[in-house]
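Notes follow the structure.
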Amino acid sequence: MPVMYDIFSCCLFIRTYSRTTMATHSNSSFLLHLSFIINAVYIAVSQPFIGVNYGQVADNLPAPEASAELLKSTTVGKVRLYGADPAIIKALANSGIGIVIGVANGDIPSLASDPDSATQWVNANVLPHYPESNITMIAVGNEIMSSGDDGLVSQLLPAMQNVQNALNSASLGGKIKVSTVHSMAVLTQSEPPSAGSFDPGLMDILQPLVAFLKNNESPFAINPYPFFAYQSDPRPETLAFCLFRPNSGRVDQISGKVYSNMFDAQSALRRMGFEEMEIVIAETGWPSRGDRDEAGATVENARAYNGNLIAHLRSMVGTPSMPAKSVDTFIFALYDEDLKPGPPSERAFGLFKTDLTMAYDVGLHNSASIHKNPPTSPVTPERETQWCIPKMEVSEAELQRNIDYICGSQVIDCGPIQSGGACYEPNTVLSHAAFAMNLYYQNFGRNPWNCDFSQTAMLTSQNPSYSDCVYPGGSI
């Protein structure tokens with residue numbers, strides 16, 4: 001898992017959305033209307049691009065069958081294994097869940113030197129399960145390029161080629177992809193995103209590896225972790241940028257694209273021939289606890305990062321470099337792994353506890369699940385229609401920042417609060433912020449964290465619409 005790095009986290013110009021200057025005088029009738037509106041939850045829509053990493057470096061994990069039932073009760077569409085545990089692969093049979101299986105780093109030398117070894121590996125780990133178990137990709141090794149083992153690095157591509165040939169011989173070459181997973185350390189320049197470049201010392205290996213992926217229509221898989229970028233720059237504005245919270249955005253001075261969150265910036269791999277290649281986020285996540293010197297490792301931040309990431313993926317907004325497309329993303333991890341080495345945060349990335357209950361709610365529960373024996377976990381009750389509005393004590397400066405963030409995203413249409421729009425009057429910061437914040441909440445999944453805005457917002461069951469200004473709403 002992750003290596004420490006700092007990417008696109010500082011030394012960038014900040015752009016603030018410029019819009020029609022709004023009056024600061026409140027409209028008494030609107031203020032009175034809003035003051036009577038007072039108070040959270042989600043609509044889980046299954047999406048195939050939301051995945052989870054199923055690590056096994058622990059001595060207290062549930063049985064594979066129980067974990068499979070847990071996964072089927074969620075909206076997770078894919079699972080990544082770090083090996084090829086037959087019990088887990090079998091437990092996921094006929095579930096429809098896509099499975100990425102892994103070749104252990106220690107198996108790479110034999111696979112690279114002997115094509116028969118690769119054939120035996122495929123015969124043992126793929127053929128007994130496929131197609132009942134939906135194996136979609138084989139990841140040959142994990143973060144090999146940044147391992148410091150030159151011998152292993154040189155053997156990576158031959159091993160991948162032999163595994164690909166073994167799949168081809170089994171008539172599975174077009175059905176199961178072969179790739180490998182990289183840490184962000186393969187990049188030496190990452191800021192700005194459009195100028196990102198590989199480590200020159202790895203180019204002799206990376207260029208033919210990328211060509212192999214292109215030729216076989218396989219994805220480039222990478223592990224971005226905004227958590228580590230925040231640790232190297234623990235300012236409040238960096239945390240907001242990492243957690244998908246309102247911020248002024250960061251401008252790529254070369255492309256002119258504006259990035260509103262760290263995940264999009266770290267996922268912007270469009271140079272060196274990546275324009276026509278699929279990108280897979282093989283790992284990303286946020287720990288729920290850590291040492292005192294591990295800045296930001298809290299349950300609140302873990303819930304915010306993972307929950308907002310899922311909402312971001314479901315929105316299909318994409319990234320500035322890849323608009324209108326949500327890349328396959330595997331969140332790390334399904335469970336805490338109590339035997340992992342390193343600082344405490346390494347053992348605290350789990351979305352679920354080993355008793356099968358949620359560690360914290362990020363909106364993965366599948367309310368439409370009809371499995372006979374779903375795992376025991378809190379069930380969110382259905383609730384009435386809700387809207388997102390500002391808290392009454394919030395300053396106009398804070399509300400203006402929310403407007404700048406929402407309307408500057410180029411995703412939300414703020415036309416109704418522009419001059420001549422149905423919601424322009426009353427022309428106040430409070431009125432405009434209320435409409436914009438609710439529009440953001442309704443468009444990004446109606447999760448409680450979509451109506452947070454750095455604790456300046458709240459949910460209400462009373463419709464704030466007035467005259468011709470209609471606030472979009474939805475049932476929870």
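The values are calculated or read from the model by the stated rules, or taken from the named source; none is laboratory data. If you're wondering where the values come from, they're calculated on a predicted model, not measured in any experiment. Note: ideal-geometry Cβ built from the backbone for every residue, glycine included; neighbour counts use all protein chains shown. Each accessible area value is taken on the protein alone, full model and side chains, heavy atoms only, with ligands, DNA and RNA left out. Shrake-Rupley method; radii C 1.70, N 1.55, O 1.52, S 1.80 Å.
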Task: So residue 450, is it open to solvent by less than 10 Å² (accessible area, probe 1.4 Å) and either assigned to a loop (DSSP other than H, G, I, E, B) or modelled with pLDDT under 85 (or both) - done: yes
TODO: Please determine, by comparing only the residues of region 405-431 that are assigned to a helix (DSSP H, G or I) and touching a Pro at 6+ places or on another chain (Cβ under 8 Å), which one is surrounded by the most Cβ atoms within 10 Å (Cβ to Cβ).
DONE: 406
- [ ] Starting from residues that are assigned to a loop (DSSP other than H, G, I, E, B) and of a type in the set (Gly, Ala, Ser), keep the ones in region 308-330 and report whichever is most open to solvent (accessible area, probe 1.4 Å).
- [x] 324
Task: Odd one out for residue 389 among (1) within 21 Å of residue 307 (Cβ to Cβ); (2) of a type in the set (A, V, I, L, M, F, W, C); (3) not in a strand (DSSP E or B) - done: (3)
Task: Search result, residues across region 57-95 that are out of contact with any strand residue (DSSP E or B) (no Cβ under 9 Å at 6 or more places or on another chain) and farther than 19 Å from residue 128 by Cβ - done: 57, 59, 63, 66, 69, 72
TODO: Identify all residues within region 164-181 that are over 12 Å from residue 212 (Cα atoms) and among the hydrophobic types (A, V, I, L, M, F, W, C); write none if there are none.
DONE: 166, 167, 170, 172, 176, 181
Task: Any chance residue 333 is at negative phi, of a type in the set (A, V, I, L, M) and under 17 Å from the mean Cα position of the chain (by Cα) - done: yes
TODO: Pairs only if they're at least six apart or on different chains, beta carbon under 8 angstrom, first in region 257-286 and at positive phi, second among the hydroxyl-bearing types (Ser, Thr, Tyr) and at pLDDT below 85; list them, first residue then second.
DONE: 272/197
TODO: Check every one of the strands (runs of 3 or more DSSP E) wholly within region 174-264 and list those with 3 or more residues that are open to solvent by 10 Å² or more (accessible area, probe 1.4 Å) and assigned by the TED database to the domain that holds residue 313.
DONE: 187-189
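Residue 345: over 27 Å from residue 219 (Cβ atoms) and either modelled with pLDDT of 80 or more or outside the structural domain of residue 296 (by the TED database) (or both), yes or no?
yes
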Open item on the list: Just to be sure I understand the filter: pairs with C-beta atoms under 6 Å, separated by 6 or more residues or on different chains, first member in region 317-338 and of a type in the set (Phe, Trp, Tyr), second member open to solvent by less than 20 Å² (accessible area, probe 1.4 Å) and not in a strand (DSSP E or B). Which pairs pass?
Closed with: 332/285; 332/349; 335/350
